[in-house]
1. What are the residue pairs meeting all of these: first residue in region 1-22, first residue assigned to a loop (DSSP other than H, G, I, E, B), second residue at pLDDT below 85 and open to solvent by 40 Å² or more (accessible area, probe 1.4 Å), Cβ atoms under 8 Å, and 6 or more apart or on different chains?
2. If you scan region 10-43, which residues turn out to be among the basic types (Lys, Arg) and modelled with pLDDT of 95 or more?
3. Could you list all residues from region 15-62 that are surrounded by 13 or more Cβ atoms within 10 Å (Cβ to Cβ) and in contact with a Phe, Trp or Tyr (Cβ under 7 Å, 6 or more places away or on another chain)?
4. Within region 63-87, how many residues are open to solvent by 60 Å² or more (accessible area, probe 1.4 Å), under 19 Å from LEU35 (Cβ atoms), outside any helix (DSSP H, G or I) and touching a Gly at 6+ places or on another chain (Cβ under 9 Å)?
Amino acid sequence: GKMVSKPNYIKVTPVLFGDADGDGVVNQADTLLVLKQVVGLENKHNVGTEEFQRTDVNRNRVIEVGDALFIAQYNVGLRDVWFGLSG
């Protein structure tokens, strides 16, 4: 068959783990947002959404202090982009 190309037909966006606020960078604002979600000052992202996937960096299917800790450690260079230990 003939190959058909449809530019821009499928948009693939890589998930930026740790980007809880969705602004395209991982920084302490993300740590703060997760902590606010944990204590109830902000609504938590719904399970199954891309926002949840970005925020649940330790992949235990719950948004909790561990995620904030992982993001904070990433921000100071203790974890790599996949949230494994650096070094």
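1. Sorted first by the residue in region 1-22, then by its partner, the pairs are PHE17/VAL81; PHE17/TRP82.
2. Pass one, region 10-43, residues among the basic types (Lys, Arg): 11, 36.
The one that is among the basic types (Lys, Arg) and modelled with pLDDT of 95 or more: LYS36.
3. Answer for region 15-62, where residues must be surrounded by 13 or more Cβ atoms within 10 Å (Cβ to Cβ) and in contact with a Phe, Trp or Tyr (Cβ under 7 Å, 6 or more places away or on another chain): PHE17, GLY18, VAL26, HIS45, ARG54, VAL57, ASN58.
4. Of the residues in region 63-87, 1 are open to solvent by 60 Å² or more (accessible area, probe 1.4 Å), under 19 Å from LEU35 (Cβ atoms), outside any helix (DSSP H, G or I) and touching a Gly at 6+ places or on another chain (Cβ under 9 Å).
The values are calculated or read from the model by the stated rules, or taken from the named source; none is laboratory data. These numbers come from a predicted model, not from an experiment. Counting neighbours? That spans all protein chains shown, and the Cβs are built from the backbone with ideal geometry, glycine included. We work out accessible area using only protein heavy atoms, side chains counted, and drop any ligands, DNA or RNA first. Shrake-Rupley method; radii C 1.70, N 1.55, O 1.52, S 1.80 Å.
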